[in-house]
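Notes follow once the structure below has been shown.
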Amino acid sequence: MMDDYTLPFWIYLGVLTVFVVGVMKKILASHLGAAPPLVAWLGATVLVERLWAFCLPAVLLLALLGLACCLYSAARTGPPPATLPAHGKAVFITGCDSGFGKATANHLDAMGFEVFATVLDLSGDGAKELQRTCSTRLTLLQVDITQPQQVQQALLDTKAKLGLKGLWGLVNNAGVCVNFGDAELSLMSNFRGCMEVNFFGTLSITKSFLPLLRQAKGRIVTISSPAGDQPFPCLAAYGASKAALNLFINTLRHELEPWGVRVSTILPSSYKTGQSSNHSYWEQQHKQLMQSLSPALLEDYGEDYVTETKELFHNHARQANPDLSPVIDSIVQALLAPQPQARYFAGPGVGLMYFVHSYCPFSISNRFLQKLFVKKTLMPRALRKQSGFDLNLHNNNNSNNNNNNNNNEEEEKLK
């Protein structure tokens, strides 16, 4: 009976098998919850149906699939895999004034790492709190990663304290989002500002510290953003800088593999960090944006449209998760796991977002992203005027058609 099947069938069966297995592997590795695994099982059912047509015992196949899932579940619920010891390992972290950087410096110091933490202001509240709460192993360095001289000085200070020992970990955390709003409303300086810190600053730090990392066969852990992979509305400047960063880090991962340096990217969901929950911060950003707009752009978009965007960003930041532990745990895993992952989805919803982005049609993933992030209700003013004009034109045409019909009826009656 096997001879009845043609070459296209074998090709179709092979492609289907590879696709279903790949999807199931990605889903099970992403900790997504109930719905996506259901999709995976539906795909597996289709595969079983195809194999049934091939005269394979379906019951046996289902039993094997069930056994494989049981073994996988047992492995996930079993004891956590052994990690490397933290004692004696040195880690350099950027952007520790607040947020992820500050929390990571605290946590790694408590674990026994020798931490080098950079801050923008040694006399700031964040630096003072780190000095107060951390051990004497922690070293604070004042570094603006966009200033090459400060980066080189930080490298010299780190090498002087490490002696002959290499650097085990570099945590690229420093980053900014200097503007929100439509790309057309953003100044070129906003795009350059994001690129200067998020891409060129991280590039400068990473290149400078690579010899120390290669010496220790260490780890590079970079805090990026899903905005670098997916087109979040009103985040063009930030997303473009993170996209450049993601490509650089992915390239670096391949290049450093022969050196024994492992490279990981952390992709967090929405968290309360830095100024994101500060109302005055959003008001200041809004004021700067309004002052930068030309009269023509303000007329086309409308002040109410820009204000709504500010309110939506503020509300989104206010509802963000204050518990930073998923990101900190991912950083620790990337630093100490014997086989660290290339990507860590840190926080609820990120894995599902990437699943939809990777496997759903563009129209679905695009709508999902718009509904998930900034839910705009207003159109730009010029489009509202145009819509109103079109509506009036449509109503006038309908009225004229009705009048013409009435006239035609009267003429028929006269005949």
**Prompt:** Once the dipole of the range 138-274 is set up with Lys and Arg at +1 and Asp and Glu at -1 on Cβ about the Cα centre, which of Ser208, Gly169, Ala183 lies farthest towards its positive end?
**Reply:** Gly169
**Asked** For Glu311 and Gln386, FRET efficiency with R0 = 30 Å and r from the beta-carbon atoms, rounded to 0.05?
**Response** 0.80
**Asked** Where Lys and Arg each count +1 and Asp and Glu each count -1, what net charge lies around Thr265 among other residues with Cβ under 14 Å from its Cβ?
**Response** +4
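Computed FRET efficiency, Cβ-Cβ of His279 and Leu164, R0 35 Å: what is it to the nearest 0.05? Don't skip to the end; give the middle numbers.
Numbers: r = 50 Å, r/R0 = 1.43.
Efficiency computed from Cβ-Cβ geometry: 0.10.
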**Asked** What net charge do the residues around Val327 carry, taking every other residue with its C-beta under 14 Å from that of Val327, with Lys and Arg at +1 and Asp and Glu at -1?
**Response** +1
**Request:** Determine, from the Cβ-Cβ distance of Leu84 and Leu378 and an R0 of 41 Å, the FRET efficiency 1/(1 + (r/R0)^6), rounded to the nearest 0.05.
**Result:** 0.20
**Item:** Computed label-point distance, nm, for sites Ser292 and Gln153 using a 7 Å Cα→Cβ extension
**Value:** 2.9 nm
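Within the range 147-204, what whole-number % of the accessible surface is contributed by carbon and sulfur, with the 1.4 Å probe and all protein chains included in the calculation?
Carbon and sulfur together cover 61 percent of it.
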**Complete:** Each label sits 7 Å from Cα toward the beta-carbon; between Asn250 and Leu122 the label points are separated, in nm, by 4.0 nm
**Request:** Using only Cα atoms, locate the centre of the range 129-177 and the centre of the range 234-249, then give the distance between them in Å, rounded to an integer.
**Result:** 24 Å
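Using a 1.4 Å probe, what is the accessible area per residue for the range 286-342, in Å²?
Values: 2730 Å² over 57 residues.
Each residue of the range 286-342 exposes 48 Å² on average to a 1.4 Å probe.
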**Message:** Which one, Leu293, Thr309, Leu256, is farthest towards the positive end of the dipole of the range 210-314 when Lys and Arg carry +1 and Asp and Glu -1 on their Cβ?
**Reply:** Leu256
**Message:** With an 8 Å Cα cut-off and a minimum separation of 6 or more residues, compute the relative contact order for the range 87-233 in percent.
**Reply:** 25 percent
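The values are calculated or read from the model by the stated rules, or taken from the named source; none is laboratory data. All values derive from a computational prediction rather than experimental measurement. Using ideal geometry, Cβ is built from the backbone for each residue, glycine included, and neighbour counts are taken over all protein chains shown. These accessible areas exclude ligands, DNA and RNA; they are computed on the full protein's heavy atoms, side chains included. Shrake-Rupley method; radii C 1.70, N 1.55, O 1.52, S 1.80 Å.
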